[in-house]
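One structure is given here, and the rest of the page talks about it.
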Amino acid sequence: MYAQLVETGVKRLKSLDEMSAQERAFQQRIDDEIKIEAKNWMPDAYRQTLIRQISQHAHSEIVGMLPEGNWVTRAPTLKRKLQLMAKIQDEAGHGLYLYSAMETLGADRDSEIAKLHNGKAKYSSIFNYPTLSWADMGVVGWLVDGAAIVNQVVLQRTSYGPYSRAMIRICKEESFHQRQGYEMLLTMMRHGTQVQKDMVQDAINRLWWPALMMFGPSDEHSPNSAQSMAWKIKRQSNDELRQRFIDQTIPQLELLGCSVPDPALKWNAERGHYDFGEIQWDEFYEVLKGNGPCNQERVATRRQAIEDGAWVRAAAVAHARKKHNKIAA
Ligand code: 3HC
């Protein structure tokens, strides 16, 4: 696998004979499908790539709570409120698993979170879009968590042990997230008023393309993919996973009796996949630059939450210190 990537002239990869003996042994371990653990030697670039990806993944989980938190007090029934709160709590837990996996690489949690607050670290672009109606809660569960599952199921086989194990646990909960969202939409489409049905279609129209952007830039414009694939951090490319998501989602869309805002979407029997229209990459990169509809609001909310919670952290540290001193005395 690694040799093929080098042969295809993928820039950025060292050829095996340019590597040190230690790097060659590391690459051999990767190629032999032996998980890399925190205690193993690893190239610094492997470590940094994982800290970058895992920290941003964790940030995405935490920021991803905000669009849904917006609707907890306006859930139409107690059951829907409980479902939504359970999902949001799961996302917080996913963030904590991922920050812990990141820390096994020697990264400091506070400084990585500070990068989120000062705009130096990314989180998934999808969370910079507003959730304007209750139907958005169903579409977020169905499309956003659905897209996250396609990406995260593959990440269960990532080469770094702690990340892979975090993913196995997270994927179990993501399935509930996706199903509860889809069930909500089925209920609205089958038993709802015309206004509610229109609400569902409006939410799909607004979130369909941003959900496709979650998989990242197209392969030829993905600076990290080649190396991440060589190190088996990434097992499949951005475009492969995007295509898989579309192929599995369109039949669900048809069952809902809805459409997507893509006139080019059609089944291509020859390819065995759906053809789809051009993604608006300008919009994607604008959102990544911080110019999405909700970027400022999301980061400001996270900053405020950290400030508001400072006293809780100080109290916990003081308590832990007092307990420690008591034991030590
Ligand atoms: N939003 C924000 N930034 C994105 C992005 C997106 N949708 N897609 C790509 N990027 C960024 C990358 O982080 C990278 O920037 P960086 O080098 O400064 O970090 C740049 O765009 C180029 O993209 P690449 O494809 O070269 O980068 P990667 O190889 O890292 O691939 C990725 C991007 C596919 C998102 C990969 O990082 C990944 O698989 N991450 C783990 C999964 C993840 O983070 N998912 C986010 C959603 S989590 C979620 O939805 C929670 C759920 O519970 C709802």
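Structure shown: which of Lys14/Lys35; Lys81/Lys172; Lys87/Lys197; Lys232/Lys289; Lys35/Lys289 lie over 25 Å apart, alpha-carbon to alpha-carbon? Could you put the intermediate results ahead of the total?
Details: Lys14/Lys35 21 Å; Lys81/Lys172 21 Å; Lys87/Lys197 23 Å; Lys232/Lys289 28 Å; Lys35/Lys289 34 Å.
In this structure, Lys232/Lys289; Lys35/Lys289 lie more than 25 Å apart at Cα.
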**OP:** Order these peptides, 94-101, 117-124, 277-284, by their mean beta-carbon neighbour count within 10 angstrom, highest first.
**Re:** 94-101, 117-124, 277-284
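How big is the charge dipole of the chain about its Cα centre, in debye rounded to the nearest 20, if each Lys and Arg gets +1 on its Cβ and each Asp and Glu gets -1 on its Cβ? Mind dumping the intermediate values first?
Working: 42 positive and 40 negative charges, 308 e Å.
Dipole about the Cα centre, nearest 20: 1480 debye.
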**OP:** Specify which residue in the list Ile126, Ser60, Gly292 is farthest towards the positive end of the charge dipole of the chain, using unit charges on the beta carbon of Lys, Arg (+1) and Asp, Glu (-1), about the Cα centre.
**Re:** Ser60
Original post:
From the Cα gyration tensor of the range 1-154, with a ≥ b ≥ c the square roots of its eigenvalues, which class applies: rounded if a/c is under 1.5, or else prolate if a/b is larger than b/c, or else oblate?
Top reply: prolate
**OP:** Would you mind pulling out the separation of the Cα centroids of the range 53-97 and the range 265-325, in Å?
**Re:** 11 Å
Subject >> Sorted peptide list for 223-229, 160-166, 19-25, 301-307, criterion being average Cβ within 10 angstrom, highest first >> reply: 160-166, 223-229, 301-307, 19-25
Original post:
When the helices in the chain are scored as -39500 (n - 2.57) per DSSP H run of 4 or longer and the sum is shared across all residues, what 222 nm value do you end up with, to the nearest 500 deg cm²/dmol?
Top reply: -20500 deg cm²/dmol
Original post:
Taking the highest mean first, how do the peptides 26-32, 314-320, 38-44 order by number of other beta carbon atoms within 10 angstrom per residue?
Top reply: 26-32, 38-44, 314-320
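Restricting to Cα atoms and excluding each atom paired with itself, what does the Kirkwood estimate give for the range 57-123 in Å? Don't skip to the end; give the middle numbers.
Numbers: mean 1/r = 0.0772 Å⁻¹.
Hydrodynamic radius (Kirkwood, Cα only) of the range 57-123 equals 13.0 Å.
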**OP:** Please list, in chain and number order, the residues 5+ apart from His273 or on another chain whose amide H is under 5 Å from its amide H, with Hs placed from the backbone.
**Re:** Asn268
Original post:
Which residue, Gly138, Gly292, Gly272, tops the fluctuation ranking in a GNM of the chain built on C-alpha contacts under 10 Å?
Top reply: Gly272
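Given axes a ≥ b ≥ c from the Cα gyration tensor, I'd like to know whether the chain is rounded (a/c under 1.5), prolate (a/b larger than b/c) or oblate.
Numbers: a/c = 2.00, a/b = 1.14, b/c = 1.76.
Here the chain falls in the oblate category.
Bear in mind these aren't lab numbers, they're just calculated from the coordinates by the rules spelled out. Since the structure is predicted, the reported quantities are computational estimates derived from the model, not experimental observations. Virtual Cβ from ideal backbone geometry, glycine too; neighbours counted across all protein chains shown.
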